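Participant: Structure incoming, see below.
The values are calculated or read from the model by the stated rules, or taken from the named source; none is laboratory data. Small disclaimer: the values here were computed from a predicted structure and weren't measured. Cβ placement follows ideal geometry from the backbone for every residue including glycine, while neighbour counts extend to all protein chains displayed. Heavy atoms of the whole protein, side chains included, go into the accessibility calculation; ligands, DNA and RNA do not. Shrake-Rupley method; radii C 1.70, N 1.55, O 1.52, S 1.80 Å.
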Amino acid sequence: MAARPIATLTVSFGLVSIPVKLYSATEASRAISFNLLHKACGSRLKQQYLCVKEDVVVPREDMVKGYEFEKDQYVMFTPEELKLLEEAGTHTADIAEFVPIEAIDPVYFDKAYYLAPDKGGAKPYALLSKALRESKRCALGRWAARGKQYIVMIRPAEDGLVMQQLLYAGEVRSIKELEIPDTEVKDAELKLAQQLIEQQASDKFDPTTYTDEVRARVEAAVQKKVEGQEITMVDAPEGGAEVIDLMEALRASLEKKKAPAPAKAADSERKAPRRAQQVEAAPKKAAKR
């Protein structure tokens, strides 16, 4: 199924304007969600809001938003007042500057969007994409949408452009807030650690080699429930051994032969059905007696 654009906008730098289509780069619908049910009858539950003072259910038409400026002290805003505070959508991403791609810490990355050229935008789109790729820079600018103003980073991807929504400085905590002791690292330890990194190094990131095992487990459990089967509890794996000697742990890691990842996955898939069959076969034998 072909991807559908969620919006159109214009990317502008200098006197150049590029009409583009905006596509969501991620799929929130892929997340598994559960509904709250009444345990006794299995019916869906309805959310209600209670007034903590009068202990009565408050309908939506009687609700207003408030900001707590002191403990239990609020100033109220009507929907009309909040609407006036919103940023007007401009349908334009205005580029303000170009910086090296590595200058932006990924901790600032938020939602990502794919950009594709809209009608009449193919030539300037290709120009910006190639210019960014060859200069190894990205574009920074602002974009207003949904009543808010965002910092956006436009960077070249393998086949086009990605618009990365960024967090503001006040939304990112400083790592300096953490208590990280200044610890000496010995040269021998550093050398072994670097060897271990090289042993497991790859030239590029391949996301297909990583799978969401928790999602697969939940989907399998849901299917069993739908088919009327019971889910058996499995003992949690024991925690890893405590590292006593750092040098010894590094040496052991280097000497350890790694089994191919696909083989491990295949073995686990072959073993899982056998365990399930054994569990399900037990009640049948008991029934025959």
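Participant: Scanning for something of a type in the set (A, V, I, L, M), out of contact with any strand residue (DSSP E or B) (no Cβ under 9 Å at 6 or more places or on another chain), under 30 Å from G42 (Cα atoms) and in contact (Cβ under 8 Å) with a residue 24 or more places away in the chain, does region 195-215 turn up at least one residue? Write out each step before concluding.
Facilitator: The initial filter retains those residues of region 195-215 that are of a type in the set (A, V, I, L, M), namely 196-197, 201, 214.
Keeping just the survivors that are out of contact with any strand residue (DSSP E or B) (no Cβ under 9 Å at 6 or more places or on another chain) gives 196-197, 201, 214.
If we keep only those that are under 30 Å from G42 (Cα atoms) as well, we get 214.
Imposing the further condition that a residue be in contact (Cβ under 8 Å) with a residue 24 or more places away in the chain reduces the set to none.
Within region 195-215, not a single residue is of a type in the set (A, V, I, L, M), out of contact with any strand residue (DSSP E or B) (no Cβ under 9 Å at 6 or more places or on another chain), under 30 Å from G42 (Cα atoms) and in contact (Cβ under 8 Å) with a residue 24 or more places away in the chain.
Participant: Here's something else I'd like to know. Do you know which of the residues in region 1-24 that are outside any strand (DSSP E or B) and closer than 26 Å to F109 by Cα is most open to solvent (accessible area, probe 1.4 Å)?
Facilitator: As a first pass, look at region 1-24 and keep what is outside any strand (DSSP E or B): 1-6, 14-15.
Filter once more, so that each one left must be closer than 26 Å to F109 by Cα: 3-6, 14.
Numbers: A3: 77, R4: 177, P5: 62, I6: 100, G14: 78 Å².
This residue is R4.
Participant: Using beta carbons and a limit of 6 Å, which pairs, at least six apart or on different chains, have the first residue in region 109-126 and of a type outside the set (K, R) and the second one buried (at least 19 other Cβ atoms within 10 Å of the Cβ) and assigned to a helix (DSSP H, G or I)?
Facilitator: Hits for this filter: P117/Y125.
Participant: Also, I was wondering about something else. Suppose we keep only residues that are closer than 16 Å to Y168 by Cα and aliphatic (A, V, I, L, M) within region 85-108. Which one would you say is surrounded by the most Cβ atoms within 10 Å (Cβ to Cβ)?
Facilitator: I104
Participant: Also, I was wondering about something else. Would region 39-53 turn up any residue that is under 30 Å from M163 (Cα atoms) and surrounded by 10 or more Cβ atoms within 10 Å (Cβ to Cβ)? Spell out how you get there, then give the answer.
Facilitator: Filtering region 39-53 for residues under 30 Å from M163 (Cα atoms) gives none.
Scanning region 39-53, I find no residue that is under 30 Å from M163 (Cα atoms) and surrounded by 10 or more Cβ atoms within 10 Å (Cβ to Cβ), so the answer is no.
Participant: Can you name every residue in region 90-125 that is outside any strand (DSSP E or B) and within 18 Å of L140 (Cα to Cα)?
Facilitator: Going residue by residue through region 90-125, those that are outside any strand (DSSP E or B) are 90-91, 101-108, 118-125.
If the condition is that a residue be outside any strand (DSSP E or B) and within 18 Å of L140 (Cα to Cα), then T90, H91, I101, E102, A103, I104, D105, P106, V107, Y108, P124, Y125 are the ones that fit.
The rows are residues; the columns are (1) touching a residue at least 40 places away in the same chain (Cβ under 8 Å); (2) part of a strand (DSSP E or B); (3) under 30 Å from D212 (Cα atoms); (4) not charged (D, E, K, R).
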| site | (1), (2), (3), (4) |
| --- | --- |
| T26 | yes, no, yes, yes |
| G42 | no, no, yes, yes |
| Q48 | no, no, no, yes |
| V52 | no, no, no, yes |
| E61 | no, no, no, no |
| Y67 | no, yes, no, yes |
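Participant: Please work out which residue is farthest from N35 (Cα to Cα), limiting yourself to region 183-230 and to residues that are among the acidic types (D, E) and open to solvent by 100 Å² or more (accessible area, probe 1.4 Å).
Facilitator: Let us first name the residues in region 183-230 that are among the acidic types (D, E), namely 184, 187, 189, 198, 203, 206, 212-213, 219, 227, 230.
If we keep only those that are open to solvent by 100 Å² or more (accessible area, probe 1.4 Å) as well, we get 184, 187, 198, 203, 213, 227, 230.
Details: E184: 51, D187: 54, E198: 46, D203: 42, E213: 22, E227: 19, E230: 20 Å.
Step by step, filter region 183-230, then rank; the result is D187.
Participant: Collect the residues in region 126-177 that are surrounded by 14 or more Cβ atoms within 10 Å (Cβ to Cβ), among the charged types (D, E, K, R) and under 23 Å from the mean Cα position of the chain (by Cα), keeping them in residue-number order.
Facilitator: R142, R155
Participant: With the requirement that a residue be within 30 Å of E158 (Cα to Cα) and not in a loop (DSSP other than H, G, I, E, B), what does region 197-236 give you? Steps first, answer last, please.
Facilitator: Taking region 197-236 as the starting set, the residues that turn out to be within 30 Å of E158 (Cα to Cα) are 197-216.
Matches in region 197-236: I197, E198, Q199, P207, T208, T209, E213, V214, R215, A216.
Participant: Report every pair of residues separated by at least 6 positions or lying on different chains whose Cβ atoms are under 7 Å apart, first residue within region 167-187 and in a loop (DSSP other than H, G, I, E, B), second at pLDDT 90 or above and not hydrophobic (A, V, I, L, M, F, W, C).
Facilitator: L167/Y108; L167/D110; V172/Y108
Participant: F69: more than 30 Å from V222 (Cα to Cα) and modelled with pLDDT under 90, yes or no? If you could, list the steps in order and put the result at the bottom.
Facilitator: Working: more than 30 Å from V222 (Cα to Cα): yes; modelled with pLDDT under 90: no.
So F69 does not fit the description; no.
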